[in-house]
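Structure first, then comments.
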Amino acid sequence: MSSSFHALAALLLLSFFIASMADFSKDVDITWGDQRAVVTNNGQQLSLSLDKTSGSGFQSKQEFLFGRFDMKIKLVPGNSAGTVTAYYLSSQGPLHDEIDMEFLGNLSGQPYTLHTNVYAQGKGNREQQFHLWFDPTADFHTYSILWNPQQIMFYVDGALIRVFRNHESSGVPYPSKQAMRIYSSLWDAEDWATQGGRVKTDWTKAPFTASFRDVSFNGCVWTGSSSSCGPSTSGWMNQAAVTSDLQKMQWVQKNYMIYNYCNDAQRFPQGLPTECSLS
Ligand SMILES: *[C@@H]1O[C@H](CO)[C@@H](O)[C@H](O)[C@H]1NC(C)=O
């Protein structure tokens, strides 16, 4: 009785995880690049490629107002200088909100840069950049964005790397009213991406390819006038960083953060943005 109960519980749990796993052939639209975006493995994997003519990209069919979004990505290997693999959430319109994770390629053997940013009501300028503590081209790693009304949290393989808190009460805009889609793309940005634009894309190495799998979009689905959150909300909707998350984040930021807008006083002669002095 109890063992069959456990088996049933395990099965239900499994079906829940499978249900929350997106299927690329059903849950996303290829938005550009034609045959450069290819879905394989029964919808479980997608690859994007970039050549001299075009990059490629996809977007989620649904829009979400808050959620937790996980994506396993294997980045362009070898000489990926000039390429950018982007994974972000964005709303539409001129005063848009956006939450970014962008992977800036590099010469073989040189580290990728993970560029993060948060836009609220059309205004960004909140960059933090990181190197990674592993080779992101050797295997798939999980990159996650958790967005709830209290904060936005960025994770790499489950390790918290950045928190952007809701400081609307102190006058700092926060993405809380506009539904967003999930976007991914692989494109050329040789003008600025690698070592400040000094290293250009080596087109003799094209096409460049990045792969995506095990995508899960757990969010409140926006229907155009309201949002419906479904049963999987509870995990992330009220999630805050606990001490162990913050300790891990401190370790990452101490050892791997290469840029933080809050430390760039020169860039903000009128004073650092308000949120930089709030905890
Ligand atoms: C590329 O490698 C250089 C040298 O190690 C490093 O300074 C830079 O942050 C890396 N990333 C990019 C995108 O240039």
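The values are calculated or read from the model by the stated rules, or taken from the named source; none is laboratory data. It should be emphasised that the depicted structure is a prediction, and the values quoted were computed from it without experimental measurement. Using ideal geometry, Cβ is built from the backbone for each residue, glycine included, and neighbour counts are taken over all protein chains shown.
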Give Gln35, Gln128 a once-over and let me know the one that is among the polar types (S, T, N, Q) and buried (at least 21 other Cβ atoms within 10 Å of the Cβ).
Gln128
Six or more apart or on different chains, Cβ atoms under 6 Å: show the pairs whose first residue is in the stretch 207-227 and more than 14 Å from Val28 (Cβ to Cβ) and whose second is modelled with pLDDT of 95 or more and not in a strand (DSSP E or B).
Pro207/Asp51; Phe208/Val76; Ala210/Leu75; Ala210/Val76; Val221/Gln62; Trp222/Ala179
Kindly indicate which of His131, His115 is touching a strand residue (DSSP E or B) at 6+ places or on another chain (Cβ under 9 Å), within 16 Å of the ligand (Cβ to nearest atom) and over 25 Å from Ser277 (Cβ atoms).
His131
As an exercise: evaluate Ser169 against (1) assigned to a strand (DSSP E or B); (2) more than 22 Å from Pro94 (Cα to Cα) and give the number of the one condition it does not meet.
(1)
Every residue from the stretch 230-243 that is crowded, with 17+ Cβ neighbours inside 10 Å, touching a residue at least 60 places away in the same chain (Cβ under 8 Å) and closer than 30 Å to Ser47 by Cα:
Ser232, Trp236
Can you find a residue in the stretch 49-56 that is part of a strand (DSSP E or B) and within 16 Å of the chain's Cα centre (by Cα)?
no
Scanning the stretch 244-253 residue by residue, those under 12 Å from Arg162 (Cα atoms) and without any contact (Cβ under 8 Å) to a residue 12 or more places away in the chain turn out to be Gln247, Gln250, Trp251
Consider the stretch 237-279. How many of its residues are in a helix (DSSP H, G or I) and of a type in the set (Asp, Glu)?
2
Taking the stretch 94-112 and keeping residues more than 8 Å from the ligand (Cβ to nearest atom) and hydrophobic (A, V, I, L, M, F, W, C) leaves Leu95, Ile99, Met101, Phe103
Does Ser169 satisfy being crowded, with 17+ Cβ neighbours inside 10 Å, small (Gly, Ala, Ser) and modelled with pLDDT of 95 or more?
no
Within the stretch 194-211, track down each residue that is of a type in the set (Ser, Thr, Tyr), closer than 20 Å to Ile73 by Cα and away from the ligand (no atom under 16 Å from the Cβ).
Thr209, Ser211
Take the residues in the stretch 177-188 that are surrounded by 18 or more Cβ atoms within 10 Å (Cβ to Cβ) and assigned to a loop (DSSP other than H, G, I, E, B); name whichever of them is farthest from the ligand (Cβ to nearest atom).
Ala179
Picking from Asp214, Asp191, the residue that is assigned to a strand (DSSP E or B) and either within 16 Å of the ligand (Cβ to nearest atom) or modelled with pLDDT under 95 (or both) would be Asp214
